[in-house]
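Since the structure comes first, as structure tokens, the remarks are kept for the end.
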Amino acid sequence: MGGAIARGLAKGSIIRTEDICVSNPSLAKLDALKLEFPAMQVTSNNAEAVHEADIVLLAVKPWLIEPVLKELPLDAEKQMLVSVAAGISFAQFEEWVGEKMTVFRVIPNTAISQLESMTLIASHHATQEQEQLLLDIFNEMGLAMLIPEKQMAATTALTSCGIAYVLKYIQAAMQAGIELGVYPKDAQRMVAQSVKGAASLILNNDTHPSVEIDKVTTPGGITIRGINELEHEGFTSAIIKAMKVSCVK
Ligand SMILES: NC(=O)c1ccc[n+]([C@@H]2O[C@H](COP(=O)([O-])OP(=O)(O)OC[C@H]3O[C@@H](n4cnc5c(N)ncnc54)[C@H](OP(=O)(O)O)[C@@H]3O)[C@@H](O)[C@H]2O)c1
């Protein structure tokens, strides 16, 4: 996730590549970044990375946030903290870095590597300008939305877990295609593009899915037959149940 964000930042227009400093214990990962973006600064020393930084972004596993924070010489007056760690609340950050620090919780999904992330952003002690800056940064890596912290668990289920459910649909549709005689690679491209097209219809037209479904369900036709079969098999109910079990508060 950290590597994808660093790459996204470097490709974006808001932060200059030479102003990005990435810290990681693995020299091989740093070498790969440096090869792709020679202007990027890299180090294995976290404290060195945050020295003079305006924005400090943490992309370690949630249980490493506290120990990593302990080694960082943060300045609550001048710096803001951005955490992508799932499940670490603002209350926990207040305990670790004090009450004054501006903190953002950011949850991208894995499509960030394609600059197509759905990124959730919650803010704590941030100004409108700081919120706008974060939105601008992550809107360059897909679509970013500001949400209240209390919606983090539910929206993470929709986006970070939800992307896996969409991939599961792609896998299932491919299996059907293969049984019907379509080559796997062809089925993969056909289904993936259909999913991308469906998402574009919703995002670009800002319409409700039922409006788009209505356009392809001719009375007595083959699509409505399939859709009703999905409902008989509990498709909608299964998605709702999956989202609900993935929503852990
Ligand atoms: N993956 C997702 O879809 C997703 C979505 C939203 C949020 N998140 C959050 O993103 C965070 C990272 O997840 P991930 O899947 O990217 O994990 P990951 O692949 O394990 O990446 C974590 C990185 O942190 C490095 N690291 C370990 N200890 C460190 C330290 N002390 N100082 C600096 N870097 C250190 C690791 O390096 P080594 O490999 O060399 O140990 C690794 O490159 C998690 O908190 C997760 O909750 C993930």
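Restricting to lysines 8 or more places apart or on different chains, can you count the pairs in segment 155-246 with Cα atoms under 28 Å from each other?
Counting lysine pairs in segment 155-246 gives 10.
Peptides 199-206, 55-62, 79-86, 126-133: what's the order by average Cβ count within 10 Å, highest mean first?
79-86, 55-62, 126-133, 199-206
Can you find, among THR217, SER246, LEU203, the residue farthest towards the positive end of the dipole of segment 155-246? Put +1 on the C-beta of Lys and Arg, -1 on that of Asp and Glu.
Working it through, the farthest residue towards the positive pole turns out to be SER246.
Please identify every one of the GluC sites (Glu not before Pro) in segment 1-61 that sits in a loop by DSSP and has no more than 12 other beta carbons within 10 Å of its own beta carbon.
Sites meeting the loop and neighbour criteria: GLU52.
Using 0.36 nm per residue, how much length does the chain from LYS168 to ALA28 gain when fully extended, once their Cα-Cα distance is taken away?
Separation in residues times 0.36 nm, less the Cα-Cα distance, equals 47.2 nm.
Relative contact order of segment 155-246, please, whole-number percent, based on alpha carbon pairs below 8 angstrom and at least 6 residues apart.
Computed value for segment 155-246: 29 percent relative contact order.
Working out 0.36 nm times the residue gap between SER44 and GLU140, then minus their Cα-Cα distance, what length gain in nm do you get to one decimal?
Gain in length upon complete extension: 31.8 nm.
Just need the Rg to Rh number for segment 97-249, please, alpha carbons only, Kirkwood Rh.
Using only Cα positions, Rg/Rh for segment 97-249 is 1.05.
Taking only DSSP H segments of four or more residues, each worth -39500 (n - 2.57), what value at 222 nm results for the chain once the sum is divided by all its residues, to the nearest 500 deg cm²/dmol?
Only helices count here, giving -15500 deg cm²/dmol.
Once you charge only the Cβ atoms, +1 for Lys and Arg and -1 for Asp and Glu, what is the size of the charge dipole of segment 2-147 about its Cα centre, to the nearest 20 debye?
I would put it at about 440 debye.
Would you calculate the separation in nanometres between label points at LYS61 and LEU115, each defined as 7 Å from the Cα along the Cα-to-beta-carbon direction?
3.2
Near THR218, within a Cβ-to-Cβ distance under 15 Å, what is the net charge of the other residues, with Lys and Arg +1 and Asp and Glu -1?
Computed value for this residue: 0.
Residues of segment 33-77 with backbone nitrogen within less than 20 Å of a virtual label 7 Å along the Cα-to-Cβ line of ARG16, please, listed as ranges.
34-43, 49-57
Rule-based calculations on the coordinates, nothing more; no lab input. What you see is a predicted model; the values in this text were computed from it and never measured. For neighbour counting, all protein chains shown are included, and Cβ atoms are generated from backbone atoms with ideal geometry for every residue, glycine included.
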